[in-house]
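Got a structure for you, written out below as structure tokens; questions coming shortly.
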Amino acid sequence: MTIQIYNTLTRNKEPLEPVHPGRIGIYLCGPTVYKEAHIGHMVGPVIFDCIKRYLTYSGFEVTWIVNITDVDDKLIAQSQERGISMNQVATEMTMDYCANLLALGVDQITHLPKATENMDEIIQFIQDLIEKRFAYAVDGDVFFDVAQDSQYGKLSNRKAEDQQGEGGGAAAKKRSSGDFALWKAAKQNEPSWESPWGPGRPGWHIECSAMSRRILGQTFDIHGGGLDLMFPHHENEIAQSECCHGQPMAKYWVHNGLLRAGEAGKIGGRADRQQGEPQCDEEESAQKMSRSKGAGGLRSQIARFGGDRIRFCLLRTHYRSTIVFSDEGIAEAGTALDKFYTFFERYERITSTSFYLTGTPTDPRRLIRRRAAGDFDPAGDGLLIELKNLRDSYLAKMDDDFNTGAAVSDLFQMLSVLNKFIDDQKLEDSSHDSSAMASFLRGCETLRELSAILGLFLKPPQVVGGGSGDDDRVLDDVMRVMIDLRTAAREKKDFATADQIRDRLGELGIVLEDRKGETGWKRQAES
RNA sequence: GGCGCCGUAGCCAAGUGGCUAAGGCAGCGGAUUGCAAAUCCGCCAUCCCCGGUUCGAAUCCGGGCGGCGCCUCCA
């Protein structure tokens, strides 16, 4: 019943015990907003969105921070390249980032603090470190003195010497190569802030130490980020914060696996490997998203496939493992999710209400029933006993380090159970038993409850294809005509004509479904 | 070179000491259907290789082989 959480710091699962009972603070390293977000940037936010939902569901009051790095070398480079201010670049890309988050259903973030809006806190933090002799200023730069930190490297199991940090001119100023910049003196024409060491800007790591302290305190519960940030970024955050405060920065360090762009075919060997054919092509190998061409296509991908589908692709795998993100994977997720969408249509025909409104008294964002509230007594009802077992199984998996990949299977099983119940009880006929209907409705609430934890099915999928509402209304009218004509043909046993209509529509991506007494239609999912 | 991860069915993917190894996609057989679609039922893996620990291992240890990440301000 206690939630277990994997802690990178100890390389073990540990029971989640908050610093302050009943409350949990989460800090997730967010993006540097210098260009459009890509799908790889969404992995952390999506999994942490689920984690927050689940913790809230489990009774905790959760504060979740995602920082926005809006001052940085790459931002400066972009602004110079585009001839606009750094602030303008940052504003544009922050909006892009947030738009993508919302499209994927990530709406649980409490604060999105920006580095540039926390300069006082950052400067104060650096001053504290200098006073405590963990940092030193040289010609307008300030460096962290790694040699003073006996604990350095405990997160990633590395030594200070491994940290290269700033090269070039900065290297000469450092006491040792492992030292890293807390403050960088401004060069010509660079945006800068006044400080005790002269005009400059913060180094990469310090904003996280400063902002997490301001909002969450000196020691907070969960610090997250991609696996690639473990070293040097998180290691340096720990060094700064723990040297400054003399207490742990975060209790649990949670790292999500990275995404790779999947390519069909054999994976080629490493370039630096000597043996074997030297001719295998790098083209073939799956590659990490961050530097690949996958960037930029995110918004169109979400528009094309729908946020739930992308989200499902990310949640069907355990968050700590690598996700291979491929076209085939998206297509497969589409087929899998269609089972749910088909069920929701069925639900609507039976109940005349939208599944998306089930158990949602108010704002869909708040659609998190408390765990205790969702519990129920099956009271000997066969359907409810099955669903209760699946619910228990699901919750046990989520309790075990947020195992969304495993939990998903219970959702599919619930779907089968509910579909079977509809078939067996003939709920689609008018003559069904009212107590069966009551069980059904209760069962659907559980499906709603559990899928909401993953942030799935919170709203209907947008109509794929992007027609305006008017177009859709016209299309629906036209489809009525087609269906009427076909129905007439079928009644005359003119199946050749009926099948021709269905086949031709099929070529257009429209699927007809003959049910008792009526024929429905829908568009085939985009793949 | 240093640190770390992974190898489960045609594909994706849970499971990390003990019931018949989840679930999804694809496929096959059946129910249903005028035929389909949707839905339901059934079938479909002994877990990269070798050795060890154990009453018992996909799960622990050792050794191979193979894939991947970080060590470059990339989530």
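Does residue A:85 satisfy being open to solvent by less than 40 Å² (accessible area, probe 1.4 Å) and outside the structural domain of residue A:395 (by TED's automatic domain parsing)?
no
Identify all residues within region A:212-249 that are within 15 Å of RNA strand B (Cβ to nearest atom) and of a type in the set (Asp, Glu); write none if there are none.
Across region A:212-249, the qualifying residues are A:228, A:235, A:237.
Residue A:326 - would you say it is surrounded by fewer than 19 Cβ atoms within 10 Å (Cβ to Cβ), on the phi > 0 side of the Ramachandran plot and polar (S, T, N, Q)?
For residue A:326, the condition - surrounded by fewer than 19 Cβ atoms within 10 Å (Cβ to Cβ), on the phi > 0 side of the Ramachandran plot and polar (S, T, N, Q) - is not met.
Counting just the residues of region A:332-348 that are out of contact with any strand residue (DSSP E or B) (no Cβ under 8 Å at 6 or more places or on another chain) and open to solvent by 30 Å² or more (accessible area, probe 1.4 Å), which one comes out nearest to residue A:229 (Cα to Cα)? Can you show your working first?
Filtering region A:332-348 down to residues out of contact with any strand residue (DSSP E or B) (no Cβ under 8 Å at 6 or more places or on another chain) leaves A:332-344, A:346-348.
So of that shortlist, the ones also open to solvent by 30 Å² or more (accessible area, probe 1.4 Å) come out as A:332, A:335, A:338-339, A:341-342, A:346, A:348.
Details: A:332: 30, A:335: 34, A:338: 36, A:339: 37, A:341: 37, A:342: 41, A:346: 45, A:348: 45 Å.
Per the criteria, the residue is A:332.
With A:242, A:190, A:237 as the choices, which residue is acidic (Asp, Glu), surrounded by 16 or more Cβ atoms within 10 Å (Cβ to Cβ) and touching a Cys at 6+ places or on another chain (Cβ under 8 Å)?
A:237
Which strands (runs of 3 or more DSSP E) sit wholly inside region A:1-49 and have at least 2 residues that are closer than 13 Å to residue A:401 by Cα?
Values: elements: A:4-7, A:12-15, A:23-28.
Answer list for region A:1-49: A:4-7, A:12-15.
Among what's in region A:508-527 and is in contact (Cβ under 8 Å) with a residue 60 or more places away in the chain and outside any strand (DSSP E or B), pick the residue that is surrounded by the fewest Cβ atoms within 10 Å (Cβ to Cβ).
Only one residue fits best here, namely A:516.
Continuing with this model, one more query. Scanning region A:376-405 for residues that are free of Cβ contacts under 8 Å to residues at least 12 places away in the same chain and aliphatic (A, V, I, L, M), which turns out farthest from RNA strand B (Cβ to nearest atom)?
If we take residues in region A:376-405 being free of Cβ contacts under 8 Å to residues at least 12 places away in the same chain and aliphatic (A, V, I, L, M), then A:379 is farthest from RNA strand B (Cβ to nearest atom).
Does residue A:195 fit the bill of being among the hydroxyl-bearing types (Ser, Thr, Tyr) and out of contact with any helix residue (DSSP H, G or I) (no Cβ under 6 Å at 6 or more places or on another chain)?
Working: among the hydroxyl-bearing types (Ser, Thr, Tyr): yes; out of contact with any helix residue (DSSP H, G or I) (no Cβ under 6 Å at 6 or more places or on another chain): no.
No; evaluated as a whole, the condition is false for this residue.
While we're on this one: Considering only region A:150-171, I want to know if a residue exists there that is assigned to a strand (DSSP E or B) and in contact with a strand residue (DSSP E or B) (Cβ under 7 Å, 6 or more places away or on another chain). Reasoning before the result, please.
First, the residues of region A:150-171 that are assigned to a strand (DSSP E or B): none.
Scanning region A:150-171, I find no residue that is assigned to a strand (DSSP E or B) and in contact with a strand residue (DSSP E or B) (Cβ under 7 Å, 6 or more places away or on another chain), so the answer is no.
Take residue A:483 and tell me if it is of a type in the set (A, V, I, L, M), more than 9 Å from RNA strand B (Cβ to nearest atom) and in contact with a Lys or Arg (Cβ under 8 Å, 6 or more places away or on another chain).
For residue A:483, the condition - of a type in the set (A, V, I, L, M), more than 9 Å from RNA strand B (Cβ to nearest atom) and in contact with a Lys or Arg (Cβ under 8 Å, 6 or more places away or on another chain) - is not met.
Would you say residue A:185 is open to solvent by 50 Å² or more (accessible area, probe 1.4 Å) and among the aliphatic types (A, V, I, L, M)? Walk me through how you get there before you give the answer.
Values: open to solvent by 50 Å² or more (accessible area, probe 1.4 Å): no; among the aliphatic types (A, V, I, L, M): yes.
The answer is no for residue A:185.
Would you mind stating whether residue A:505 is assigned to a helix (DSSP H, G or I), modelled with pLDDT under 95 and either open to solvent by 50 Å² or more (accessible area, probe 1.4 Å) or among the hydrophobic types (A, V, I, L, M, F, W, C) (or both)?
Numbers: assigned to a helix (DSSP H, G or I): yes; modelled with pLDDT under 95: yes; either open to solvent by 50 Å² or more (accessible area, probe 1.4 Å) or among the hydrophobic types (A, V, I, L, M, F, W, C) (or both): yes.
Taking the combined requirement at face value, the residue satisfies it.
More than 33 Å from the chain's Cα centre (by Cα), charged (D, E, K, R) and either at negative phi or at pLDDT 95 or above (or both): which single residue out of A:522, A:459, A:420, A:492 fits that description?
A:492
The values are calculated or read from the model by the stated rules, or taken from the named source; none is laboratory data. Source: prediction; values computed, not measured. Glycine also receives a Cβ, built like all others from the backbone with ideal geometry; neighbour counts cover every protein chain displayed. Only protein heavy atoms, including side chains, enter the accessible area calculation; ligands, DNA and RNA are left aside. Shrake-Rupley method; radii C 1.70, N 1.55, O 1.52, S 1.80 Å.
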